[in-house]
Amino acid sequence: MIRNKKAQITIFIIIGIIMLLIFAFLIILRLSSVDRSIEKETSQIIISDKQIIEFAQSCIVEVSVDAAYYIASQGGYNELPSGHLEVNVQGQEITMAYGYSNHQDVMISIQKMEEQLEDYIKANLGKCTDGFDKFKGYKVDEGMPDVNAVINDNNIVVNAKYPLIITKGGEKTTVSDFNNIVVPIRLKKVHDIAKTLVNNAKQNPNKGPNLGYISRLGDDNILVYYGWSGNSLYYVINDVLSNVEGESGLMAPGVSNRPFIFNIALDYS
């Protein structure tokens, strides 16, 4: 009888231990599930923040490319000076600044072009980001961008301070610096060619374009065309190497393959 009671007690103890182990296992499983849920949610927030930051950077790239194309088409200017040439080239209305007027070199400097690039980027960046409305569930507060552009021999380097505060569910991420954005456009190269054409006009004020001289200005990747509009001679300088293509790594929304052209006018009146 005593042995039977001991056996029963032993069985109850074993069952109790088993139930305790099961209970402990369920608690551990539950805690692990909660941890994974928190980790997953945190991971999603980080990834989305990263996507917003990458989107902001892609907009800086896109607008920087557009800025280079735009000011080059107008002779280096974002805002054209009052005295400029309006001409129809192959059915397209084009406006460009003068680099030579009243027998004087009035060509825009590299430093001034850098300022024109910066002004364009600051004025148009918000149009690209569009308030970050595409990121539903996130609130993005934007500060005013401060941009520095440097025109090098074979590229343009853009550094931007663009304050962003990204908020979701009480969590905030702050970012400001977007540095060393390299735009492989040879703006200095085409500017230098235009400058050479201006210098030639100063030295030969009574002569028009010298085809042999023009052909020696560039290389196989530089094409120079010219035309007349009244007493104004205009040049169209196309740098094939600066055309933005898919393999350049600069393709952003809205950026397409198009020729990179620097236009400049010379007044011979």
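Out of Val150, Val158, Val175, I need the residue that is assigned to a strand (DSSP E or B), crowded, with 19+ Cβ neighbours inside 10 Å and not small (Gly, Ala, Ser). Which one? Even if it seems obvious, please write down each step before you answer.
Details: Val150 fails: crowded, with 19+ Cβ neighbours inside 10 Å; Val175 fails: crowded, with 19+ Cβ neighbours inside 10 Å.
None of the other options fit; the residue is Val158.
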Checklist line | Residues that are at negative phi, surrounded by fewer than 12 Cβ atoms within 10 Å (Cβ to Cβ) and touching a helix residue (DSSP H, G or I) at 6+ places or on another chain (Cβ under 9 Å), drawn from segment 61-103 | finding: Glu79
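Scan segment 242-255 and tell me whether some residue there is modelled with pLDDT of 70 or more, hydrophobic (A, V, I, L, M, F, W, C) and in contact with an Asp or Glu (Cβ under 9 Å, 6 or more places away or on another chain). Can you show your working first?
At the first step, the residues of segment 242-255 found to be modelled with pLDDT of 70 or more are 242.
Now drop any that are not hydrophobic (A, V, I, L, M, F, W, C), which leaves none.
No, every residue in segment 242-255 fails to be modelled with pLDDT of 70 or more, hydrophobic (A, V, I, L, M, F, W, C) and in contact with an Asp or Glu (Cβ under 9 Å, 6 or more places away or on another chain).
Checking the conditions here, which among Val190, Val150, Val183 is modelled with pLDDT of 90 or more and in contact with a Ser or Thr (Cβ under 7 Å, 6 or more places away or on another chain)?
On the way: Val190 fails: in contact with a Ser or Thr (Cβ under 7 Å, 6 or more places away or on another chain); Val150 fails: in contact with a Ser or Thr (Cβ under 7 Å, 6 or more places away or on another chain).
Among Val190, Val150, Val183, only Val183 is modelled with pLDDT of 90 or more and in contact with a Ser or Thr (Cβ under 7 Å, 6 or more places away or on another chain).
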Check: Which residue out of Tyr70, Tyr77 is closer than 14 Å to Ala265 by Cβ and either among the aromatic types (Phe, Trp, Tyr) or in a helix (DSSP H, G or I) (or both)?
Finding: Tyr77
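Given Tyr120, Tyr100, which one is among the aromatic types (Phe, Trp, Tyr) and over 13 Å from Ser64 (Cα atoms)?
Numbers: Tyr120 fails: over 13 Å from Ser64 (Cα atoms).
Every option except Tyr100 fails the conditions.
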Next item on the list: Starting from segment 54-65, take each residue that is closer than 16 Å to Thr173 by Cα and list its partners that are outside any helix (DSSP H, G or I) and not β-branched (Val, Ile, Thr), counting only C-beta distances under 6 angstrom and pairs at least six apart or across chains.
Entry: Gln57/Phe178
Next item on the list: Looking only at segment 160-198, count how many residues are over 15 Å from the mean Cα position of the chain (by Cα), charged (D, E, K, R) and under 15 Å from Asn148 (Cα atoms).
Entry: 0
Checklist line | Residue ID - farthest from Asp49 (Cα to Cα), chosen from residues in segment 138-194 that are among the acidic types (Asp, Glu) and in contact (Cβ under 8 Å) with a residue 12 or more places away in the chain | finding: Asp153
Margin query: Among (1) crowded, with 17+ Cβ neighbours inside 10 Å; (2) of a type in the set (A, V, I, L, M, F, W, C); (3) not in a helix (DSSP H, G or I), there is one condition Cys128 misses while meeting the rest; what is its number?
Written below: (3)
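Return the only residue of Lys134, Lys122, Lys207 being in a loop (DSSP other than H, G, I, E, B), within 24 Å of Asp49 (Cα to Cα) and either out of contact with any Ser or Thr (no Cβ under 7 Å at 6 or more places or on another chain) or of a type in the set (Phe, Trp, Tyr) (or both).
Values: Lys122 fails: in a loop (DSSP other than H, G, I, E, B); Lys207 fails: within 24 Å of Asp49 (Cα to Cα).
Exactly one residue qualifies, and that residue is Lys134.
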Margin query: Looking at segment 119-139 only, could you name the residues that are of a type in the set (D, E, K, R) and closer than 21 Å to Tyr98 by Cα?
Written below: Asp119
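The values are calculated or read from the model by the stated rules, or taken from the named source; none is laboratory data. Note that the structure is predicted; figures quoted are calculated from it, not measured. Neighbour counts are summed over all protein chains in view; Cβ atoms, including those assigned to glycine, are modelled from backbone coordinates with ideal geometry.
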